[in-house]
Every structure is written in C-alpha cells, then in structure tokens.
Amino acid sequence: MQFIELGQAAMSFTRLSLVDPEGGRQPFVSRDGLVALSANGEIYNHRELRRELGEGLFRSRSDCEVLLHLYERDGLDFLERVRGMFGIAVIDLREQRIVLARDRIGLKPLFVHRAGDTLIFGSEVKALFQHPLCPRELDWAGALADQGLNAAPIMPDAPPRDWFVGVEQIEPGSIVTYGLRDGSTRTKRYWSMPGPLSHDDVTPDELVERFRGLLAESVQECLVADAEIGIMLSGGVDSAGIAALGGDSIEHSFSALSASTLLNGDADYARSTAKALNLTHHELAFEVGQHPSAEDWRRLLWLMESPLCGPEQHFKSEIYRFVRAGRPDMKAVLLGSGADELSGGYSRMLAGGGDWHDFIRNLTDLSRRRALAANAPAMNVWWQNGRPLVSDEAVRVAFPGALGDVYDDFVQWKVRDWQQYNFWVEDRTASGNAVEARVPYLDHRIVELLAGVPRKYRQELFWDKKIIRSAFRELLPLDITQRPKIAFYEGEGVRYTHLTFARMLAANSGELLEQALASPRAAQFLQADHLRGCLNEIIDGTSDTHLELLLRLVNLGLLDEMTQSLPPTQPSSAALPVEVGDERTREEQRAVVFGRPAVDPALVLRLGEDVLLLDGAQGQSFVAVGGELRFVIDHDTDAAWLSVLRGIDGGTELGAVCAAAGCELESVTELVDQSLLMGLLVRVEEPVPARS
C-alpha cells in the first residue's frame, strides 16, 4: 500500500499490477508535487494517449499515468477521449480542490461520505467505515423497498441504491470537485446515455458490421497487459464471441460445472466452444451436497457489501480463486457480461413465450405498474386477472409522461441493474481474489451504438439478440450462435442450487440465519419465526418462496451486524474447486456434481428414515417425513412416479422397479436424484433379497 499526504488531503492505494508492475506504483505525483492522482481500473487507449502527450513526460509504462498528465494539460476536460474503466481521485493543491471521477458506464466503484467539511472517499464502503465520522448503518427501509432486492414486477426509475446510510456513489460519467477552501461541490457530466437515432442513413446490416468492428477493437484493447489473460465461458454466444475475437491471445478458459450448468447444457456448450477455438478448458465442479461454510459466506458477503450476494457470486468468486491459485501470472479474465441488457437478450424471456409485440406489451405492464404504484395504486384493479377493463390511455391522461417509450424505460432499468448488481458481481468477485474482470461489451462506444439504434430497427435487431447472433455467424458454429438465452445457473437444475444454499442457511442449527436474526435491528424489520419456517419449507420442497428472497433478508441481517463489528478482510480457507477434465463422460461429470454415481438401472434404493408413503382419498397419495405430510402425489399426473416409489423395497434394482411400473428410467431420473438429495430415498450398498 502506498500513502501520500498533500496539504489538508491524503489518500492511499493498493494496486493490482497488470501494466508495468514494477514502475506503475500509485499515487502518481506531478513534478512540482502539487497534484496527486490515483486510479482504480484500466485505460485501454493509453498507448495512443501516451504518444499524443509525448514520452518525455512519463516516469513509468503504467496505463494510468496518462491520467495525471491529461489532467495537468486539460483540467476537468481530461476524460473526454479516455476509454476504459476507472474510478479516479485527484488531490490538486494548485486549484485547491479534490476531484473524483468515474468511467462512463460505472464499471469501477467510487463511494463518498460528506461529514461537514470532511470528505471521505474510497473504492469500497468498508474503507469509508474506517473513518469515525462515517456512519455505520445499513439502510433497512430503503433496501426492503428496492426492486432489485424484492423483485417486484415493476421497472424502477430510481438511482442505484448504495445500501448504507450516508454513503453515496459518484455517478457514472461524472467528475465531481470539492473545494478545499470553501467546501463547495460541483458536478460535471462528461457523458450521458444517448437516445435512439431518427435518421435513415444507416441499415440494420451496417449496424451489425459496426457492432462487430467495435467489439473486435474492444476485445483487443482488453487484451493489453503485462500478464496472462483468460476468459470465462458461460456456454452462451456472448462469451464465445469474445473468445473467437481474442484469437491466439487467449489460451485458457474457465467455466462452472454445477447441477444447473450440467442439466441446462451450459457446461456442454462451454466445453464445445473451447474445443472449437482450441482453448485449454478448465471445468470446475461445484457439488450439490457442498455449500460455503458460515465463515466463508460472511467473508464473501462482506467482500460484496451488498445484500444481493447469492449463488452467482459464490460460483464466480470460487472460479477466480481457482484462477489465482492455479495460474498466478493470470491477472485478468475476460467476460461476456453486459451484452444482454442493450442487445435484446431478455426480449424472448420477457415475452412470456410470445413474440416482440408480447415483449413490448409486457414492458408496458411493468411500466404501468410503476406509474400507478407511485401515483394511484388502487387503479391497478382495472388491469387484474389478465383482462384489462380500462385502456392505458387512462394512465396517460391521469399522469402525463407516465407511459412513454417503454423500451427506453426498459433500457434504463437494465442500466440500473448493471450499476447495482452486475458491476458489483464482476468487480468484487474478481478483485477480491486479485484478478481483474474485463468486459469488452461495455466499451462506451458499443453502448452508444446499441442505445442509438433507430426505433424502427429494434424488433429486427433486438428480438432474441439478433444483432449479436448475426455478428458472430461467420466466427462460431451455428449451434452456438443460435442457442437460446439461459440465465447463469438457471434451468431445470436450479432447484439443486437453491437446495444447496438453503442447506447452507440451515447448517449447524441454522447458524447463519440465527446470526442474521441477532443483528442490531433485525427484530425491528424481520419476522424471525416466519423466516425459520420458510427455510424449513424450502428444504422440504413445500414452499413457493424463492430461496434468493430469503437469502437476501439473511444477508441484510448479516451486513447489519458486520457494519458494526467491521470484521477483517481475510482470504477463504476452503478447499479450491475441483477441476474436472473435459475427457470425462457426462455420466462421470454427473457423479462428481451430485456426489454419487449416476442413477442407473442397477441402483438399489430404500425409503429414508422416518419416510412413509401413504395412500389417501380422492386420487392422492402422500409422502410423510417424521409423521408430517410433506408431499402430495396425484394419481393421474404422477402415476408412474407413484408406482416407482411403491416398488422401491431395498432389494430390487431400479431398472426392474421402473419396468414393473411401466416407465423408462430416464423419465424419473431427476425425481430420483432430488429424492436422494433430500434424504427421501437412500442408496442401499448391500441390498436385501428382493421380494418374491
């Protein structure tokens, strides 16, 4: 860590060195000692800017040193031509001011707290908490009301939330100055998200070509470093396209092998992409039966500083931890993050199985809900039950401007998600493991291009992200470019992910849950008994509550306590994820992920302890656990599964049980897997003789 003090201001900096590791120590100081600058991030066009400024000015080869000399030359206009991701702090005794700035999109964080004539700033909230004048208080009410946390079906238009009282972020695309003499604050916006173009001098094909050209340039700029750079492959077209554009500069790829990625095909597609592009692929297994310890979850949550910490953060942090331990020279990883939000990646998903017009109709519904929630919630009754009795014109007349361009509203919502969720995921999980996450799709020129697509071309280019699929049709196999969009770790295996993390909350007599409920203000905001009951029902499979909603409430309680205790930041002591070689068969991979051999015809099972199968009236049977009815089996819709359960006797092989039930083993494999995981069924190692 480097520390500098100038006049009444001071700052320190800890560096992850990718360019000029030895010479690029920060803060950078002007030759007269009156200006000091620190920058967290990367300046991708630093070579071009360096040539323009003249080599004689520079004392290092660091990309960030160009910022100091640009500031000395251009003052507050110094970021006009800078491309990159950054949070910047300047102490300027010449002009008697402190200058704080962020990149256009907001990829790198920069937090501030103002206490009278004292300004506290840092790249992490916990750094601000070290100062006695910064309040250490979680914003419970604001968090619970935030759409990003509660997933309410509206499109929010509020700024991203910072989760803590008195803590604010420097807005993306902004430069804020604080006067050292008079304490004055001034904000200069040097970039804003553009709106759609209206002119006709561009065609859809030309927009696809521009997009591909800008992305190719962005990828090459993201590959500049005095260190090895890898790539995270998700199994989708976005990361595959980056890998293709990276060419021979990328040698190693990484992906998660979990129940979800195994069952939804992500793992298979990531592997086939790596093979097609001649990458050395590392597939890291996350076993269903293993979950983070309470200590490691608290460590990850404190690193993230956000109640939105969930399974995705855990998976990504563990992959970065593997990268750092296994390849210490690899200090940056490219990702396909940020591609979906402006390219139509969620259009088919939000269309509810329909087409573009259904997508827009559903966006209108979300926009209307927001307008009425803010102005007249009782009016929502006219749109209930799927049969609107009143037109949206009633909303427009009552609240002018409430329902404008709903696609623009959608874009602003997704940009908010970027800044409140996605960027925190990528920045913190990577930097917390001494790796830098680089996101080529979020070059501001690409963002400007996508945001500026004329309205008349939106359907053609943004339905099912056609602009991206078209851009890569000559670089990637057709099955990759045309693969449907699947959210990270989602799909048919998500129930295993949720069960894993529910068991994390329940482990050691509910250690994490009880810690959350014991936090300073939990009793004021949380219903303890209801949370305990909800967790039990999720584990039993009898609750409709989404695991991540419960987890976010637990996170709030844990963060509430940690803002008071300020635990030290420590590396994880857990074992690293196990790498599964890509030569493994799908059955072998499944065995690793599920922690047991794959379900096969020779498997012999019995009912778990205290598990009973009971027949009831009205065409239903029940699974009872410990004397309590937990599951209902309908005789009409689940007849085959009921017959299999009735045939399981601790001695008959599963293949024979299925044959007697008149069904194929494949049709009940997932139910068997889930029942084994929940303890409803138990594997028999030494079968008793089958019943005759």
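All of the numbers you see were taken from the coordinates with simple rules; none came from a lab. Predicted model, so just to flag it, every value in this text is computed and none were measured. For neighbour counting, all protein chains shown are included, and Cβ atoms are generated from backbone atoms with ideal geometry for every residue, glycine included.
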How high is the FRET efficiency from Val165 to Arg606, r the C-beta distance, R0 41 Å, rounded to 0.05?
0.15
Roughly what angle does helix 406-417 make with the longest principal axis of the chain, taking Cα atoms, 0 to 90 degrees, to the nearest 10?
90
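Provide the gained length on full extension for the span Gln2 to Glu685, in nm with one decimal, where the gain is 0.36 nm per separating residue minus the Cα-Cα distance.
Values: separation 683, 0.36 × 683 = 245.88 nm, distance 6.02 nm.
Extending this stretch completely gives an extra 239.9 nm.
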Computed D for segment 357-482, Stokes-Einstein, Kirkwood radius over alpha-carbon pairs, 4 °C, 1.567 mPa s, to the nearest µm² per second, is 73
Which angle from 0 to 90°, rounded to the nearest 10, does the C-alpha axis of helix 669-678 make with the longest principal axis of the chain?
80
Want the number for Gln527 to Thr637: 0.36 nm per residue separation, take away the alpha-carbon distance, what's left?
35.9 nm
So what are the three principal axis dimensions of segment 494-562 from its Cα atoms, in whole Å, longest to shortest?
32, 19, 18
Mind giving me the nanometre distance, one decimal, between the label points for Thr203 and Leu629, set 7 Å out from Cα along Cα→Cβ?
6.7
Return P(r) of segment 13-148 (all Cα-Cα pairs; 10 Å bins starting at 0; whole %; ordered from short to long distances).
11, 38, 32, 14, 5, 0
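Length gain on complete extension for the stretch Lys275 to Arg25, per 0.36 nm per residue less the alpha carbon to alpha carbon distance?
86.1 nm
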Coordinate range along principal axes, alpha carbons of segment 354-407, Å, largest first:
30, 25, 16
How many nm is it between the label spots at Glu448 and Ala591, if each spot is 7 Å from the Cα in line with the beta carbon?
5.6
Local electrostatic count, Met155, Cβ distance below 15 Å [Lys/Arg +1, Asp/Glu -1]
-3
Calculate I(q)/I(0) for segment 599-683 by the Debye formula, one identical point scatterer on each C-alpha and no solvent, and give its log10 at q = 0.13, 0.15, 0.18, 0.24 Å⁻¹ to two decimals.
-0.37, -0.49, -0.72, -1.28
So, relative contact order of segment 317-406 in percent, Cα under 8 Å, 6 or more apart, is 18
About the Cα centre, and with charges only on the beta carbon of Lys, Arg (+1) and Asp, Glu (-1), how big is the dipole of segment 354-407? Nearest 20 debye, please.
200
Sorting Phe315, Gly344, Ile360 by the position of each Cα along the dipole of segment 312-363 (Lys, Arg +1; Asp, Glu -1; all at Cβ), the one nearest the positive end of that ordering is Phe315
Highest average packing first - 679-685, 77-83, Cβ atoms within 10 Å:
77-83, 679-685
In debye to the nearest 20, the charge dipole size for the chain, taken about the Cα centre with +1 at each Lys and Arg Cβ and -1 at each Asp and Glu Cβ, equals 1560
Helix 237-246 versus the longest principal axis of the chain: what is the Cα-based angle in degrees, 0 to 90, to the nearest 10?
50
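Would you mind getting me the FRET efficiency between Ser573 and Leu350? Use the beta-carbon distance for r and R0 = 45 Å, nearest 0.05.
Given R0 = 45 Å and the Cβ-Cβ separation, E is 0.60.
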When the helices in the chain are scored as -39500 (n - 2.57) per DSSP H run of 4 or longer and the sum is shared across all residues, what 222 nm value do you end up with, to the nearest 500 deg cm²/dmol?
-11500 deg cm²/dmol
Give me the one-decimal nm value for the distance between modelled label points at Leu614 and Arg61, 7 Å along each residue's Cα-to-Cβ direction.
7.4
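Over the chain, what per residue volume does the convex hull of the Cα atoms give, in whole Å³?
Considering the Cα atoms of the chain, their hull volume per residue is 186 Å³.
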Please work out how many pairs of lysine residues in the chain are eight or more positions apart (or on different chains) and have Cα atoms closer than 23 angstrom.
19
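Could the peptides 222-230, 555-563 be put in order, highest first, of the mean number of other beta-carbon atoms found within 10 Å of their residues?
Going from most to least packed, we get 555-563, 222-230.
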What does the highest-first list of 186-194, 658-666, 440-448 look like by mean Cβ count within 10 Å?
440-448, 658-666, 186-194
For segment 354-407, averaging the sequence separation of alpha carbon pairs under 8 Å that lie six or more residues apart and dividing by its residue count, the contact order in percent is 43
